[in-house]
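Student: Structure incoming, see below.
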Amino acid sequence: MNSSGPNTTHQGRDPRDLDSEDQKARFCADIAAFADAAMNGDLTRRMNADYTDPNFRRSATMLNELMSSIGNNLADFNDAMAALAQGDLHRGMRDKHRGAFGPLQKNFNLAMATVRTVLGEQGAERFTNKASKFRRMLTAVGPDEVAGEIRASDDGTRPVPSPPHDLWLKLAEALNGSRR
């Protein structure tokens, strides 16, 4: 069973009993639900692939594989970003990514290597410690407080004053102080 949910148009009917027009209508409904889920950020949704028509079955299977591939690529990037947010400068994107995700992986891992090189071993340790302190500071500021104070700047060249911005300034100050 897949996670495409109930298909109310053809509910209770065996897919093998549907004529080609019914299968076409069911396939179109499945595509619409699949696309809607993807556009709303749900990359876990899958299409039914139990069509008797081999073209519909093959297309549904390929679309499911596509969605799975996109989800896996984004999960790897998200894991690497989460590790960075936790202060881990050694975790990069691990899987071998292709297509549009290849340059994303290459650039992210290169950026991480650059940061490690610039900071050096002791600087990387200090970064991890400061990131941990910063995380605790963010935890102390509730999400409602942060969201309520963020304002858009009318001038793209000056920073937007907000609690997260102030915390970043404190982190930068702390990092600068640790180099002295």
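The values are calculated or read from the model by the stated rules, or taken from the named source; none is laboratory data. Predicted model only: the values in this text are computed from it and were never measured. So basically every Cβ, Gly included, is an ideal-geometry build from the backbone, and we count neighbours across all protein chains shown. Only protein heavy atoms, including side chains, enter the accessible area calculation; ligands, DNA and RNA are left aside. Shrake-Rupley method; radii C 1.70, N 1.55, O 1.52, S 1.80 Å.
Student: Taking the conditions exactly as written (under 18 Å from E173 (Cβ atoms), under 23 Å from the mean Cα position of the chain (by Cα) and modelled with pLDDT of 75 or more), does A131 satisfy them or not?
Tutor: In short, yes.
Student: Let me ask something else about it. Assuming R46 fulfils every condition listed in (1) modelled with pLDDT under 85; (2) assigned to a loop (DSSP other than H, G, I, E, B) apart from one, which condition is it?
Tutor: Unmet for R46, out of (1) modelled with pLDDT under 85; (2) assigned to a loop (DSSP other than H, G, I, E, B): (1).
Student: So, one more: I want to confirm something. Restricting to region 73-113 and keeping residues that are at pLDDT below 85 and among the aliphatic types (A, V, I, L, M), which single residue is farthest from the chain's Cα centre (by Cα)?
Tutor: Among those residues, the one meeting the criterion is L89.
Student: Another question, then. Looking at (1) modelled with pLDDT of 60 or more; (2) closer than 30 Å to N72 by Cα, can you tell me which one A174 breaks?
Tutor: All conditions pass for A174, except number (2).
Student: Would you say N78 is open to solvent by 60 Å² or more (accessible area, probe 1.4 Å), without any contact (Cβ under 8 Å) to a residue 24 or more places away in the chain and polar (S, T, N, Q)?
Tutor: Numbers: open to solvent by 60 Å² or more (accessible area, probe 1.4 Å): yes; without any contact (Cβ under 8 Å) to a residue 24 or more places away in the chain: yes; polar (S, T, N, Q): yes.
Taking the combined requirement at face value, the residue satisfies it.
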